[in-house]
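What follows is a short report on a single structure.
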Amino acid sequence: MQSLGIAAQRVRAYLTTRSTDHKHVIVGAAAAATAVIVAVAAGALYLHPLDQQKVVFETTDAAALRSGDEVRVAGVPAGKVTEVLLRPDHVEVVLTVDNTVSLGADTAVDVRMLTAVGGYYVALVSAGATALGDRTIPSARVHLPYRLPELLDAAPAKSAAIDAPTIGADLDRAAAALDANPGSVKSMIDSVQALAGIMDRQREQIGTSLAVSQEYLDAFDNQRDALFTMLRKAAIVLRVLDDTHVEFAYA
């Protein structure tokens with residue numbers, strides 16, 4: 001009997017341990033599943049933020065675009081370029097744009113120069129009575145600042161129109177004129193420097209005049225109440241003198 005009791009205790013202990021281990025496995029699996037769900041949700045929010053919308057357009061030449069380039073609507077920054085994807089017959093550009101921006105179904109894209117020395121941004125020009133939604137903007141409504149193949153195709157025709165003999169003759173005459181007057185270039189540079197000096201001095205004079213004007217304005221502002229009081233008193237005196245003049249006239 002004692003051996004049976006010991007065996008029963010061992011069975012109960014085994015079952016208790018197994019049940020505890022099973023609970024630990026369930027808790028661990030639930031924690032792992034929760035972590036996976038949170039990671040997937042965080043990734044989805046990162047790729048598709050709630051306060052932004054995805055806009056896609058196609059083009060045949062995206063050499064000017066990079067991920068991170070600015071997106072503007074009516075000149076106001078409203079998003080950025082997130083992806084530039086190469087497809088078999090075109091390039092697909094993905095943008096993220098603020099949800100507050102309304103884009104029509106006929107929205108067009110202009111890729112414009114950011115500065116004269118380089119850099120580009122994407123300008124969205126909204127059009128259409130219905131919303132753009134998930135539709136892709138076709139390349140027919142995408143305008144680029146230049147297209148390299150078109151430039152290369154147009155180069156021979158443009159260069160053929162150049163009158164090389166005339167340009168060469170003009171350069172020869174310019175060189176002969178410089179040889180005949182070697183000091184003309186130096187005189188021209190000296191004149192430009194003198195003009196720059198005059199403009200600099202005038203700029204200083206204008207600055208001084210503005211400073212004096214500001215001092216007068218500050219003085220007037222500080223004494224404005226006293227000046228208005230004096231004017232009111234002068235008006236009273238003039239009115240009294242006028243009344244007195246009228247009384248003397250009747251007398």
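The values are calculated or read from the model by the stated rules, or taken from the named source; none is laboratory data. These numbers come from a predicted model, not from an experiment. Cβ coordinates were reconstructed from backbone atoms using ideal geometry, including for glycine residues, and neighbour counts include every protein chain displayed.
Structure summary
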item	result
Test: residue in the range 65-72 that is of a type in the set (Lys, Arg), modelled with pLDDT of 85 or more and surrounded by fewer than 15 Cβ atoms within 10 Å (Cβ to Cβ)	yes
Pairs, first assigned by TED's automatic domain parsing to the domain that holds Asp134 in the range 90-114, second in a strand (DSSP E or B) and among the charged types (D, E, K, R), C-beta under 6 Å, six or more apart	His90/Glu58; Glu92/Glu58; Val94/Glu83
Verdict on Ala108 being at pLDDT 80 or above, loosely packed, with under 10 Cβ neighbours inside 10 Å and aliphatic (A, V, I, L, M)	no
Residue check, Thr136 more than 13 Å from the chain's Cα centre (by Cα) and in contact (Cβ under 8 Å) with a residue 60 or more places away in the chain	yes
Residue match in the range 74-81 (condition: in a loop (DSSP other than H, G, I, E, B), more than 20 Å from Ala62 (Cα to Cα) and not basic (Lys, Arg))	yes
Checking Gly133 against (1) more than 30 Å from Thr60 (Cα to Cα); (2) not in a helix (DSSP H, G or I); (3) not polar (S, T, N, Q), the condition it does not meet	(1)
Residue under evaluation His143, criteria (1) surrounded by 11 or more Cβ atoms within 10 Å (Cβ to Cβ); (2) in contact (Cβ under 8 Å) with a residue 40 or more places away in the chain, criterion not met	(2)
Every pair of residues 6+ apart whose Cβ atoms lie under 9 Å, when the first sits in the range 204-220 and is touching a residue at least 40 places away in the same chain (Cβ under 8 Å) while the second is β-branched (Val, Ile, Thr)	none
Subset of the range 92-102 (residues that are surrounded by 15 or more Cβ atoms within 10 Å (Cβ to Cβ) and modelled with pLDDT under 90)	Val101
In the range 99-123, the residues that are among the hydrophobic types (A, V, I, L, M, F, W, C) and in contact with a Pro (Cβ under 8 Å, 6 or more places away or on another chain)	Val111, Met113
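One line per residue, one yes/no per condition, for (1) at pLDDT below 75; (2) in a helix (DSSP H, G or I):
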site	(1), (2)
Pro149	yes, yes
Leu152	yes, yes
Pro165	no, yes
Gly168	no, yes
Pro182	yes, no
Lys186	no, yes
